[in-house]
Amino acid sequence: MSFLAKKNNHGETEQDVEKQKIRLGVFLPAFAIVGGGAVLGIINNKMLADVSMNVFLGSLRGLGWLYQLISIVSLLVVGILTFSRLGNIRFGGAEAKPKYSFATWFAMALTGGIATGCFLQAKSAENCKKKYIGLPAQ
């Protein structure tokens, strides 16, 4: 390795990164699912919507209890970690400085929350017009 070789955040040089191979056992199934969904959406959008909705509703019917359990356990773990000694651990060492200030993190979280709320509100208003008022959806 030359003294001029640049290292990335993980301590690897550019030559090390170039030598890494794609793990086909991971890549191909994911690519087939995502690519198949994209092709199905282009060819038959209604069928993609129906299949997606049926998979989603089936998962809610069969695994709704698990979703709730995971949510509650995650909330408890985060609360315990936040208010225990582990909440004071500083990643990167004692002298590490955060990349973004608290105000910046707060603004990013607030923006993401507002954007999510706007998107969901717009979608539910569209469904409400179709289902309850009888107006055509745009």
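The values are calculated or read from the model by the stated rules, or taken from the named source; none is laboratory data. Because the structure is predicted, anything quoted here is derived from the model rather than measured. All Cβ positions, glycine included, derive from the backbone under ideal geometry; neighbour counts span all protein chains shown. Side chains included, ligands, DNA and RNA excluded: accessible areas come from the protein's heavy atoms. Shrake-Rupley method; radii C 1.70, N 1.55, O 1.52, S 1.80 Å.
Restricting the first residue to segment 60-86 and requiring it to be of a type outside the set (Asp, Glu), which pairs with a second residue that is part of a helix (DSSP H, G or I) and surrounded by 10 or more Cβ atoms within 10 Å (Cβ to Cβ) meet a Cβ separation below 7 Å and a spacing of at least six or different chains?
81/87
Modelled with pLDDT under 95, open to solvent by less than 80 Å² (accessible area, probe 1.4 Å) and in contact with a helix residue (DSSP H, G or I) (Cβ under 8 Å, 6 or more places away or on another chain) - does that describe any residue in segment 72-80?
no
Report every pair of residues separated by at least 6 positions or lying on different chains whose Cβ atoms are under 8 Å apart, first residue within segment 100-125 and hydrophobic (A, V, I, L, M, F, W, C), second open to solvent by 100 Å² or more (accessible area, probe 1.4 Å) and in a helix (DSSP H, G or I).
Once the first residue is hydrophobic (A, V, I, L, M, F, W, C) and sits in segment 100-125, no partner that is open to solvent by 100 Å² or more (accessible area, probe 1.4 Å) and in a helix (DSSP H, G or I) comes close enough.
Within segment 81-100, track down each residue that is of a type in the set (A, V, I, L, M, F, W, C), part of a helix (DSSP H, G or I) and open to solvent by 80 Å² or more (accessible area, probe 1.4 Å).
Scanning segment 81-100 gives 83, 86.
Out of (1) in contact with a Leu (Cβ under 7 Å, 6 or more places away or on another chain); (2) open to solvent by 60 Å² or more (accessible area, probe 1.4 Å); (3) not aromatic (Phe, Trp, Tyr), the odd one out for residue 41 is which?
Among (1) in contact with a Leu (Cβ under 7 Å, 6 or more places away or on another chain); (2) open to solvent by 60 Å² or more (accessible area, probe 1.4 Å); (3) not aromatic (Phe, Trp, Tyr), residue 41 violates only (2).
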